[in-house]
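Student: Right, I'll just put the structure down here and ask away after.
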Amino acid sequence: MSKNPLILFEGIECSGKTTQIKKIKNYLKKKKKKFIHIREPGGSNNSEKIRTLLLNDKFNSASMTDLFLYMASRNENIEKIITKNYHKKIILIDRFVFSTLAYQHYGMGIKKSFIEMLNKNILKDIRPDFIFLHVINLRILKKRLKFRKNNNRYDKFSLNFYSKVQKGFLKLLRNKKNMKIIDSSQSISSNTKEIINKIEKLL
């Protein structure tokens with residue numbers, strides 16, 4: 001494995017991904033490690049414009065439209081950011097290929113093989129080195145969503161939808177050797193320690 005791994009943080013809303021990425025970024029800065037952080041949708045300039053559209057409450061799009069926009073955002077990141085830094089710098093990505101499968105296939109019913117074909121053509125030889133899957137109890141999710149100040153379009157699905165998506169994540173990733181489940185019902189500090197311990201081994 002490269003000493004500059006590509007690390008994914010996957011999971012549904014309010015599962016703690018973004019909080020933990022902030023902690024890991026601070027850790028890497030203290031260690032003086034070169035890294036890049038990307039969120040999906042978002043990342044490159046064009047990808048951030050796509051993010052603004054996708055998450056807008058007034059953007060009432062079909063599920064296939066969402067899929068192609070996510071793929072367009074990912075392609076921009078691959079072309080503009082990821083390819084030239086792959087295994088040259090540590091890359092942290094807040095949601096990536098498994099999110100698309102979990103949300104657009106398990107959540108919205110788009111054919112899995114079609115999504116996989118698109119991902120394969122966009123990623124080419126790029127592969128994640130490690131994946132942290134953040135899981136959350138749905139009762140906790142419901143409470144956290146209520147306290148969010150700026151809910152976007154993807155924060156407003158039913159609990160049944162989020163349940164299908166989280167089960168999809170587990171089905172996709174549970175048997176992968178380069179994956180660790182992070183239980184968001186545990187304390188932030190204990191999860192941070194768990195993640196850092198693993199990243200130290202990766203580096």
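Student: Please go through the range 150-203 and pick out each residue that is without any contact (Cβ under 8 Å) to a residue 24 or more places away in the chain and farther than 27 Å from GLN104 by Cβ.
Tutor: Listed by number, the residues that qualify are GLN186, SER187, SER189, SER190, LYS193, GLU194, ASN197, GLU200, LYS201.
Student: Among the residues of the range 3-47, what is the count of those that are in a loop (DSSP other than H, G, I, E, B) and among the hydroxyl-bearing types (Ser, Thr, Tyr)?
Tutor: 2
Student: Got a sec? Which of ILE90, ILE131, ILE115, ILE136 is β-branched (Val, Ile, Thr), modelled with pLDDT of 95 or more and in contact with a His (Cβ under 6 Å, 6 or more places away or on another chain)? So that I can check it myself, show each step before the final result.
Tutor: Values: ILE90 fails: in contact with a His (Cβ under 6 Å, 6 or more places away or on another chain); ILE131 fails: in contact with a His (Cβ under 6 Å, 6 or more places away or on another chain); ILE136 fails: in contact with a His (Cβ under 6 Å, 6 or more places away or on another chain).
Going through ILE90, ILE131, ILE115, ILE136 in turn, just one is β-branched (Val, Ile, Thr), modelled with pLDDT of 95 or more and in contact with a His (Cβ under 6 Å, 6 or more places away or on another chain): ILE115.
Student: Specify the residue that is surrounded by the fewest Cβ atoms within 10 Å (Cβ to Cβ); the eligible residues are those in the range 104-148 that are part of a loop (DSSP other than H, G, I, E, B) and free of Cβ contacts under 8 Å to residues at least 60 places away in the same chain.
Tutor: ASP125
Student: Follow-up question, since we're still on this one. Please go through the range 153-162 and pick out each residue that is surrounded by 15 or more Cβ atoms within 10 Å (Cβ to Cβ) and either in a loop (DSSP other than H, G, I, E, B) or at pLDDT 95 or above (or both).
Tutor: The answer is PHE157, PHE161, TYR162.
Student: Before we move on, is SER15 in contact with a Leu (Cβ under 9 Å, 6 or more places away or on another chain) and without any contact (Cβ under 8 Å) to a residue 12 or more places away in the chain?
Tutor: In short, no.
Student: Please count how many residues of the range 93-103 are of a type outside the set (Ser, Thr, Tyr) and either within 14 Å of LEU170 (Cα to Cα) or assigned to a helix (DSSP H, G or I) (or both).
Tutor: Kept after step one, since they are of a type outside the set (Ser, Thr, Tyr), are these residues of the range 93-103: 93-98, 101-102.
If we keep only those that are either within 14 Å of LEU170 (Cα to Cα) or assigned to a helix (DSSP H, G or I) (or both) as well, we get 97-98, 101-102.
So the count comes out to 4.
Student: Sticking with this one: Please verify whether LEU170 is among the hydrophobic types (A, V, I, L, M, F, W, C), over 22 Å from ILE21 (Cα atoms) and out of contact with any Asp or Glu (no Cβ under 6 Å at 6 or more places or on another chain), treating the condition exactly as stated. Show your work before the answer.
Tutor: On the way: among the hydrophobic types (A, V, I, L, M, F, W, C): yes; over 22 Å from ILE21 (Cα atoms): no; out of contact with any Asp or Glu (no Cβ under 6 Å at 6 or more places or on another chain): yes.
Answer is no for this residue.
Student: Let me ask something else. Taking only the range 49-89 into account, find how many residues are outside any loop (DSSP other than H, G, I, E, B) and under 26 Å from LYS111 (Cα atoms). Reasoning before the result, please.
Tutor: Residues of the range 49-89 that are outside any loop (DSSP other than H, G, I, E, B), as a first pass: 49-54, 63-86, 89.
Filter once more, so that each one left must be under 26 Å from LYS111 (Cα atoms): 50-54, 63-79.
Residues meeting the conditions: 22.
The values are calculated or read from the model by the stated rules, or taken from the named source; none is laboratory data. What you are looking at is a predicted structure, and each value in this text was computed from that prediction instead of being measured. FYI the Cβ positions are ideal-geometry reconstructions off the backbone, even for glycines, and counts take in every protein chain you see.
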